[in-house]
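Right, one structure below, let's go through it.
The values are calculated or read from the model by the stated rules, or taken from the named source; none is laboratory data. On a predicted model such as this, the values are computed, not experimentally measured, just so you know. No Cβ is skipped: glycine too gets one built from the backbone with ideal geometry, and neighbour counts run over all protein chains shown.
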């Protein structure tokens, strides 16, 4: 049985060298080659590949951000020329990666490793952990990449009004309404700059730049009124936190 | 800008004490000449207050205009002029106050010469001290700038080293060559040549060396050719300039980081094909170079000047002590970087 492979790299020659190496594996079929993360997301949805060979530095959204947009990402072999941080992250999570330029032997080794781990469900968890880890660092924590239907939305963090927990998702509110991101509140609490974003409530994180005033609400609670007019609940534990940061 | 001596507390204290002593001496002297206490104090107060005011004025003026060494006689003229004004005003005020006291008026007229020379000397002292102060300030500022320059040149060297290696650029270029070797060996050879010439250029050229625009653009072309092989049809570049500008000078390796910034910005901020345009013109006595690249205003946080541009700005600052030579502008979806290089 053959396996489907998708190659995602923004440099044409980098793609062609992978295609060339893959030709030595009769059971690997290249379903599609993509030149950026947008094409990558589409192709992965369409072909449901068994393996993707993924570059990291790419236009608009990088390889990690692209993976975040895919619900059940397939196995990945990363290929990068130089990215100190990414390499550290790979090593921390024991994920295989290729350093460009790589030769046929090195490529074969990576494929062999992938085959060995194929039936091991652990790899998906590893990828997830890797993404969590990577999203804590610049430039990823300066923006949030979200899939909105078939469109991909890049939201600079300063454009966020507030975040609201919604089951397994987080609603990211902006001037264009809200977008769903499948991350946890505590993840965002970690990622976002604590001097700009405060968890005002168990289910809410608010952008301080957007607050116009804080009103009392019912007995022990408060509510933050944003510039947009939106009201964000402030809990009893959230209120002192907000007050401290706003210097009230 | 040098700081005024009054920004130093100790100086303020000394200045005040000196004037207090001068004032007391002044009063005692007048008293010795037989003036009443009240007259001595009023006379001393008015004369010294005006003089203090004149001193403050001179110190302020010197803050903004410090004459060149060969123009120090200007200071003498100032000193003389201000003394005359101070004495005249003192005279008018005191004669008004004691108009009916003939003895005092006679005394004042007789003391005019002594007064003027004393005021002149005092004012001269203050001017001398402030000139020394400001000169010393300027010198230490220059010293600091020199040290800064040395430090920066070390940093520049480090930066140059990093430029030479530019790991991302280098490894990706090698990766492209690796791909070409299999399919198009002739092109692989050409690219090896270009890459070698480019790297040799970075090593050979000194940071402080000046080159002609022609040389710099030839070098830049090597870089662009390599990038074009890497990015294929996505990257188009054009260089527009008149050959009459060939011989204008600029610091070596100045344009490559600017171009690199534009390419990175352009290529990684959009998924479309992009065109980077470099234009060189002469404006008055400046060589003006503009580089434009597309970007996405919706998703790009206003980046200001990236690291590459910062180093360009600092280099130009070191050479010309001007901070206005690099400017950037984002308009709709086009980002423009403008660099001015004053011509000797």
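Checking residue A:101 against (1) within 14 Å of chain B (Cβ to nearest Cβ); (2) outside any loop (DSSP other than H, G, I, E, B); (3) out of contact with any strand residue (DSSP E or B) (no Cβ under 6 Å at 6 or more places or on another chain), which single condition isn't satisfied?
Of (1) within 14 Å of chain B (Cβ to nearest Cβ); (2) outside any loop (DSSP other than H, G, I, E, B); (3) out of contact with any strand residue (DSSP E or B) (no Cβ under 6 Å at 6 or more places or on another chain), only one is false for residue A:101: (2).
Suppose we keep only residues that are under 15 Å from residue A:196 (Cα atoms) and in contact with a helix residue (DSSP H, G or I) (Cβ under 9 Å, 6 or more places away or on another chain) within the stretch A:208-226. Which one would you say is surrounded by the most Cβ atoms within 10 Å (Cβ to Cβ)?
Per the stated criteria, the residue is A:224.
Kindly provide the set of residues from the stretch B:292-311 that are touching a helix residue (DSSP H, G or I) at 6+ places or on another chain (Cβ under 7 Å) and either modelled with pLDDT of 85 or more or within 15 Å of residue B:268 (Cβ to Cβ) (or both), ordered by number. Please lay out each step first, then the result.
Restricting attention to the stretch B:292-311, the residues satisfying the condition of being touching a helix residue (DSSP H, G or I) at 6+ places or on another chain (Cβ under 7 Å) are B:293-296, B:300-301, B:305-306, B:308-309, B:311.
Passing the criteria: B:293, B:294, B:295, B:296, B:300, B:301, B:306, B:308.
Could you go through the stretch A:159-171 and let me know if any residue there is touching a residue at least 24 places away in the same chain (Cβ under 8 Å) and out of contact with any strand residue (DSSP E or B) (no Cβ under 6 Å at 6 or more places or on another chain).
Just the residues of the stretch A:159-171 that are touching a residue at least 24 places away in the same chain (Cβ under 8 Å), to begin with: A:160-165.
Narrowing the set further to residues that are out of contact with any strand residue (DSSP E or B) (no Cβ under 6 Å at 6 or more places or on another chain) leaves A:165.
Checked the stretch A:159-171: at least one residue is touching a residue at least 24 places away in the same chain (Cβ under 8 Å) and out of contact with any strand residue (DSSP E or B) (no Cβ under 6 Å at 6 or more places or on another chain).
Working carefully through the options A:115, A:106, find the one that is modelled with pLDDT of 80 or more, surrounded by fewer than 18 Cβ atoms within 10 Å (Cβ to Cβ), in contact with a strand residue (DSSP E or B) (Cβ under 7 Å, 6 or more places away or on another chain) and in a helix (DSSP H, G or I).
Values: A:115 fails: in contact with a strand residue (DSSP E or B) (Cβ under 7 Å, 6 or more places away or on another chain).
So the residue among A:115, A:106 that is modelled with pLDDT of 80 or more, surrounded by fewer than 18 Cβ atoms within 10 Å (Cβ to Cβ), in contact with a strand residue (DSSP E or B) (Cβ under 7 Å, 6 or more places away or on another chain) and in a helix (DSSP H, G or I) is A:106.
Sort out which residues of the stretch A:147-185 are within 14 Å of chain B (Cβ to nearest Cβ), part of a strand (DSSP E or B) and in contact with a helix residue (DSSP H, G or I) (Cβ under 9 Å, 6 or more places away or on another chain), and write them in order of number.
Of everything in the stretch A:147-185, those that are within 14 Å of chain B (Cβ to nearest Cβ), part of a strand (DSSP E or B) and in contact with a helix residue (DSSP H, G or I) (Cβ under 9 Å, 6 or more places away or on another chain) turn out to be A:152, A:154, A:156, A:174.
For residues that are more than 13 Å from chain A (Cβ to nearest Cβ), surrounded by 15 or more Cβ atoms within 10 Å (Cβ to Cβ) and within 27 Å of residue B:251 (Cα to Cα), tally how many sit in the stretch B:180-197.
2
Is the stretch B:198-206 home to any residue that is over 30 Å from the mean Cα position of the chain (by Cα), within 14 Å of chain A (Cβ to nearest Cβ) and either outside any helix (DSSP H, G or I) or modelled with pLDDT of 85 or more (or both)?
no
Scan the stretch A:213-240 for residues that are touching a residue at least 12 places away in the same chain (Cβ under 8 Å), more than 18 Å from residue A:172 (Cα to Cα) and part of a loop (DSSP other than H, G, I, E, B) and jot them down.
Those that are touching a residue at least 12 places away in the same chain (Cβ under 8 Å), more than 18 Å from residue A:172 (Cα to Cα) and part of a loop (DSSP other than H, G, I, E, B): A:220, A:235, A:236.
Given the condition within 23 Å of residue B:6 (Cβ to Cβ), crowded, with 18+ Cβ neighbours inside 10 Å and without any contact (Cβ under 8 Å) to a residue 60 or more places away in the chain, answer yes or no: does some residue in the stretch B:62-73 qualify?
no
Which residues, counting only those in the stretch A:149-158, are within 14 Å of residue A:65 (Cβ to Cβ) and free of Cβ contacts under 8 Å to residues at least 60 places away in the same chain? Before the answer, list the steps.
Our first condition is that a residue be within 14 Å of residue A:65 (Cβ to Cβ); within the stretch A:149-158, this holds for A:152-157.
Result: A:153, A:155, A:156, A:157.
Looking at B:238, B:244 in this structure, which one is more than 30 Å from the chain's Cα centre (by Cα), over 23 Å from residue B:327 (Cα atoms) and either surrounded by fewer than 17 Cβ atoms within 10 Å (Cβ to Cβ) or free of Cβ contacts under 8 Å to residues at least 12 places away in the same chain (or both)? First the steps, then the outcome.
Working: B:238 fails: over 23 Å from residue B:327 (Cα atoms).
The unique qualifying residue is B:244.
Check whether at least one residue in the stretch A:201-212 is in a helix (DSSP H, G or I) and within 30 Å of residue A:92 (Cα to Cα), and report yes or no. Steps first, answer last, please.
Of the stretch A:201-212, the ones in a helix (DSSP H, G or I) are A:208-210.
Then drop every residue that is not within 30 Å of residue A:92 (Cα to Cα), which leaves none.
The answer is no; no qualifying residue exists.
Take residue A:85 and tell me if it is in contact with a strand residue (DSSP E or B) (Cβ under 6 Å, 6 or more places away or on another chain) and within 14 Å of another protein chain (Cβ to nearest Cβ).
So residue A:85 fails the test.
Considering only residues that are in contact with a helix residue (DSSP H, G or I) (Cβ under 6 Å, 6 or more places away or on another chain) and within 14 Å of chain A (Cβ to nearest Cβ), look in the stretch B:272-291 and name the one that is nearest to residue B:243 (Cα to Cα).
B:274
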